[in-house]
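Trainee: Okay, here's the structure, questions in a sec.
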Amino acid sequence: MSKTMSKSHNVSEAESCIHGAANRSSRRSERRRADVEDPFGRALEYFSQVKAGTPVKGNDALENNLVLVERVALGRGLPPGAVATLLDFALSLRLGSSVCSRVLKFLIPASAVPQDSVVRGVSWFCMGKMPVSAQILFLRWILTMFDLIDSKDQLRSIYGFIFSFVTDEVLSPYVCHLLYLLTTKEHVQPFRVRKLLEVQAKMGRQPPLTQLLALYKVLCPEMIAISMPSKTRGGFKNHNLPWKTALAAVLKKNKTAEAPSPPLSLDIKEKASTRKRKLHHLEVPQLSCGPEIESSRGKAVHLQQLRSFAQLLQNLDNIELPAQMGSLLSSSLALHYLDCVHDESALLRLNFWLGSVLHEEFLFCSRDGNPENSTEPSQFLDICLSLPQECFSSSEFFLFKFLAMWDGSLHQPQILSLLSDIPPLPVSRMKMFLFEPLQQLYFTSSVFFKCGVIECLRSMLWKWLTWHFVQTSHKELDVSLSSSRTMNLHMSEFLELVTELVQYVGRLASAGLQLENYHILLHHQTLNFYELVCDVYLKFNLPLFLLPPSGVIFPSLLATDPVTVDRLGYVIFRYRQNLMSAKEHKQQKKEPSFHISRDVFREFNLLMVAVVSCLWISKDCQVDVGTDVHKALVPLRTMLSYCKNYNLIHHPAFLNYAIEFHQKGKKYWYWYLEFLFSQGFDGLKDFIQNNMDHQSTPVGGH
C-alpha cells in the first residue's frame, strides 16, 4: 500500500515539473515573441531599468537600443511617455554625459512633451551634477520644444529656480531666452529687476539680457527707469536648426498619415512655400500644427490644436498661448481669442514683438524703390491693421518716428490707415509728432495724397468721437483704452484736442483747395469731413460747434458741380439742427456747465445771410472772409462780388436744370424748386425748406 502511494506521488511530482517547465517555456516564447513584435517597448523598458555605472563601451544592448530608439524618433517621433522616460534617463547621467548628449540630440516628440518630465529635468539641472555642455544642450532642447510642452503652469511656478542661473555667464543667454518665454506680469518683481541690472553692469549690454529687460519694462514700466535701445543686435540667436528640421519633418509625416479633414474657414493659414529669412524679408511666424483634440476640459490646450470656433469657445479658459507671440497673427482663431479674453500679458508681449519688428524692418532697413521689395511689408502692415487696437499699442511710437522719414508714397494706404488709429493724446504731442510732419507732406504731394490725408483725419476723428460717446453714455461698460496706449484726458482736454484737429483740417483744406484749383475730389473729401463735424452734438453728445472756414464754404457755394452745392446745403442744415437742439436743451435743463458762445450763433447767422443772399435773393455777400482765411491764400472777395449772379437759376451748377425746366414751359419759382428736389438734391431741399419761405414767384421775377 505504501509503495503504491509513493509511486503515485512521484508520478504527480514529475507531471508538475513537466507542466512548470512547459509554462516557463511558454512564457519565454511569449516574451521572445513580444520582443519581436514590440522591440521599441523593450528598449524603453531597458532605459527605465538600467542601473547607474553600467559599462558603456562594448555594451551591445545599449548600442542596439539607442539605434532603435533613434530610428523611431527621427522616423515618426516619440510618444509623450517615451519622451518622459528617455529625458529622465539622459539627465540622470546614469550612463554618463556622452550618452546624455546623444539621447537629447534625437529626442524628437511626435505630438506633445509632458510638462512633468520637463520639470523633473529642471530638477536634475538644478542639482549641479550635469556638465555645462549637457546643461546648454538641455536648455536648447527646451527652447526648441517649448510650444509642444502640454502646459506651462508648473514651469512658471519654478520661475525663481530658473532665474537663479541668470548670473552664469555661459548659461545666461539660454536662461534669459527661457525666462523671456515664461515671463508674465506677476514674475516682474523689484528684486529681479535689480539682479538683472547688476548682471548687465557686470556683463555689459548682452542682447538676450537686454531683450529680457525690455520685456520687463513693457510689462511693468514703472519698475525700470533706464531707457532701452530701439534696436538690439542679435537678440535671441537660433541654435536649434537640426532639431527644428527633424521636428518639422516628423510633424509633416504624421500630418500626411492622418485622414484629411474638410477645410474650415477659421483654420490656421498655411504658407504656400517656406524659405529662409533674408534681408528685408518680412514673414509672420506660423503656428505649428498639432494633433486634433477630442475633449480637453480641465487640461491645457494648445492654440494650434483648435480647428473650429466651437472648439475655441469650449476650451476658452484652458488655452495655452505659443512661445512666439508673432505666430498669433497667422491664425484667425488666435485673433478671435485675443478679442474674447483680453489677456494683458499676451497683448503686451504681442505689442512688444510688433514694435520690434516695425522698428527693425521699417526704420532701420533701407529699401529701394523696387515694387517687388514692398509687397511683403505691405502684406505685413495689412495684417497689423486687422488686429484689435490693444494689440497694436506701439503703433503711434513707430508712426511718429516713421513720419519724419516718410516720403508720402511708400505703403501709403497702410500708413494712413495706421495713422487713423492713433488714440487721443495731448494737443502738444499731436502738434509736434503728427500735425507738423503731416502738413509738410500734404503741401508737397499730389491731390490724391491730400484726399487720403483728409480721409485719414476724418476716420481718426470718428474713432475718437465714438470712443467718447460710448464712454459717456455707457459708464457701466469698461471701454477705457489701455493705460500704455493713451493718457486719460479730461473733458476739457478732449474738447481742446478735437477743436485743434478740426481747425487743422480746415487750414489744410482751405490751402489745399487753392493749390489744387478746387479739385472736385478734394472738395468732396473736405465736405465729407464736415458732414461728420456738423453732427458731433446730436450724434456723439459732444457740445462742440465748429463751422467750416470761408476757404471751404465759398468755393463750395460757387462750385460748378451741383453735388458740391447740394452737400454744402446739407452741412449747413445739420449745423442749424444741432445748434437749435443745443439751445433748447440749455433752456430746458438750465445747466451752468453747458455753455454755447454767442460768437458761434453770430458766425452761423453771418454764414446763413451769405448763402441765402447768394442762392435766394441775388444780393452781394457782405461777409468778412479775412477773419479765418488769409487773404493771400484765398482771395475770395473778387469771387464774392459775383454772388448776385449765382442764384438757383443763374448758378453755373444748376444752369442745365434751369434750361431744361424753361423748355418745359413752366415759370413759377416753387415749381422750379420742386423740379430741383426731384433730381435728388436732398441736402439743398432740407436747407431751403428749413431756412426760407416758399413763394409763388415767377421765374422771370428773379
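Trainee: Among the residues of segment 301-338, which ones are of a type in the set (Gly, Ala, Ser) and open to solvent by 40 Å² or more (accessible area, probe 1.4 Å)?
Mentor: Result: Ala310, single match.
Trainee: What are the residues in segment 42-55 that are surrounded by 12 or more Cβ atoms within 10 Å (Cβ to Cβ) and not in a helix (DSSP H, G or I), if any?
Mentor: Those that are surrounded by 12 or more Cβ atoms within 10 Å (Cβ to Cβ) and not in a helix (DSSP H, G or I): Val50, Thr54.
Trainee: A further question follows. Across segment 46-76, what is the number of residues that are under 18 Å from Ala110 (Cβ atoms) and among the hydrophobic types (A, V, I, L, M, F, W, C)? Step through it out loud before you land on a result.
Mentor: Filtering segment 46-76 down to residues under 18 Å from Ala110 (Cβ atoms) leaves 47, 68-76.
Pick out the ones that are also among the hydrophobic types (A, V, I, L, M, F, W, C) and you get 47, 68-69, 72-74.
Adding up the residues that qualify gives 6.
Trainee: Quickly run through segment 170-208 and pick out the residues that are open to solvent by 20 Å² or more (accessible area, probe 1.4 Å) and part of a loop (DSSP other than H, G, I, E, B).
Mentor: Once the filter is applied, which keeps residues that are open to solvent by 20 Å² or more (accessible area, probe 1.4 Å) and part of a loop (DSSP other than H, G, I, E, B), segment 170-208 yields Val170, Thr184, Gln189, Gly204, Arg205, Gln206.
Trainee: Also, quick follow-up: Return a yes/no flag: does segment 393-400 have any residue that is within 17 Å of the chain's Cα centre (by Cα), at pLDDT below 75 and not in a helix (DSSP H, G or I).
Mentor: Checked segment 393-400: at least one residue is within 17 Å of the chain's Cα centre (by Cα), at pLDDT below 75 and not in a helix (DSSP H, G or I).
Trainee: Restricting to segment 140-160, count the residues that are open to solvent by less than 10 Å² (accessible area, probe 1.4 Å) and either more than 26 Å from the chain's Cα centre (by Cα) or not basic (Lys, Arg) (or both).
Mentor: Counting residues in segment 140-160 that are open to solvent by less than 10 Å² (accessible area, probe 1.4 Å) and either more than 26 Å from the chain's Cα centre (by Cα) or not basic (Lys, Arg) (or both) gives 7.
Trainee: Right, something else. Exactly one condition in (1) touching a residue at least 12 places away in the same chain (Cβ under 8 Å); (2) open to solvent by 10 Å² or more (accessible area, probe 1.4 Å) is false for Leu212; which is it?
Mentor: (2)
Trainee: Still on this structure, I have one more. Can you name the residue in segment 561-591 that is out of contact with any Cys (no Cβ under 7 Å at 6 or more places or on another chain) and among the polar types (S, T, N, Q) and, of all such residues, is most open to solvent (accessible area, probe 1.4 Å)? Spell out how you get there, then give the answer.
Mentor: Our first condition is that a residue be out of contact with any Cys (no Cβ under 7 Å at 6 or more places or on another chain); within segment 561-591, this holds for 561-570, 572-573, 576-577, 579-591.
The next check asks that each one be among the polar types (S, T, N, Q); those that pass are 564, 577, 581, 587-588.
On the way: Thr564: 1, Gln577: 58, Ser581: 38, Gln587: 115, Gln588: 142 Å².
Per the criteria, the residue is Gln588.
Trainee: Scanning segment 403-414 for residues that are open to solvent by 30 Å² or more (accessible area, probe 1.4 Å) and outside any helix (DSSP H, G or I), which turns out nearest to Leu495 (Cα to Cα)?
Mentor: So in segment 403-414, the residues open to solvent by 30 Å² or more (accessible area, probe 1.4 Å) come out as 404-405, 407, 409-410, 412-413.
After this cut, where a residue has to be outside any helix (DSSP H, G or I) as well, the list is 404-405, 407, 409-410.
Working: Ala404: 27, Met405: 31, Asp407: 32, Ser409: 32, Leu410: 33 Å.
Here the answer is Ala404.
Trainee: Can you report the number of residues in segment 448-481 which are modelled with pLDDT of 85 or more and of a type in the set (Asp, Glu)?
Mentor: 1
Trainee: If you scan segment 417-435, which residues turn out to be over 13 Å from Phe398 (Cα atoms), free of Cβ contacts under 8 Å to residues at least 60 places away in the same chain and not hydroxyl-bearing (Ser, Thr, Tyr)?
Mentor: Those that are over 13 Å from Phe398 (Cα atoms), free of Cβ contacts under 8 Å to residues at least 60 places away in the same chain and not hydroxyl-bearing (Ser, Thr, Tyr): Arg429, Met432.
Trainee: Can you list the helices (runs of 4 or more DSSP H) lying wholly within segment 415-475 that have 3 or more residues being open to solvent by less than 50 Å² (accessible area, probe 1.4 Å) and of a type outside the set (Lys, Arg)?
Mentor: 436-443, 447-473
Trainee: Here is a list of conditions, (1) touching a strand residue (DSSP E or B) at 6+ places or on another chain (Cβ under 6 Å); (2) modelled with pLDDT of 90 or more, and Tyr174 meets all of them except one; can you say which number that is?
Mentor: Evaluating Tyr174 over (1) touching a strand residue (DSSP E or B) at 6+ places or on another chain (Cβ under 6 Å); (2) modelled with pLDDT of 90 or more leaves (1) as the failure.
Trainee: Every residue in segment 533-559 that is surrounded by fewer than 19 Cβ atoms within 10 Å (Cβ to Cβ) and either in contact with a Gly (Cβ under 7 Å, 6 or more places away or on another chain) or at pLDDT 90 or above (or both), please.
Mentor: Matches in segment 533-559: Asp535, Leu538, Lys539.
Trainee: Return only the number of the condition from (1) hydroxyl-bearing (Ser, Thr, Tyr); (2) farther than 22 Å from Asn647 by Cβ; (3) assigned to a loop (DSSP other than H, G, I, E, B) that Thr560 does not satisfy.
Mentor: (2)
Trainee: Going through Phe146, Phe161 one at a time, which residue ends up being touching a residue at least 40 places away in the same chain (Cβ under 8 Å) and under 30 Å from Gly96 (Cβ atoms)?
Mentor: The unique qualifying residue is Phe146.
Trainee: Follow-up. Could you list, in sequence order, the residues of segment 102-119 that are part of a helix (DSSP H, G or I), open to solvent by 20 Å² or more (accessible area, probe 1.4 Å) and touching a helix residue (DSSP H, G or I) at 6+ places or on another chain (Cβ under 6 Å)?
Mentor: Val119
Trainee: I would also like to ask the following. Just to check your reading of the model, which residue among Lys105, Lys51 is within 27 Å of Leu155 (Cα to Cα), basic (Lys, Arg) and modelled with pLDDT under 90?
Mentor: Matching residue, one of Lys105, Lys51: Lys105.
Trainee: Which count do you get for residues in segment 82-93 that are under 15 Å from Glu45 (Cα atoms) and either open to solvent by 10 Å² or more (accessible area, probe 1.4 Å) or in contact with a Leu (Cβ under 7 Å, 6 or more places away or on another chain) (or both)?
Mentor: Here the count works out to 8.
Trainee: Oh, and also: Looking for something among the aromatic types (Phe, Trp, Tyr) and assigned to a loop (DSSP other than H, G, I, E, B) - is there at least one such residue anywhere in segment 85-100?
Mentor: no
The values are calculated or read from the model by the stated rules, or taken from the named source; none is laboratory data. What you see is a predicted model; the values in this text were computed from it and never measured. Heads up, the Cβs are rebuilt from the backbone with ideal geometry, glycines too, and the neighbour counts pull from every protein chain shown. All accessible areas refer to the heavy atoms of the entire protein, side chains included, with ligands and DNA or RNA removed. Shrake-Rupley method; radii C 1.70, N 1.55, O 1.52, S 1.80 Å.
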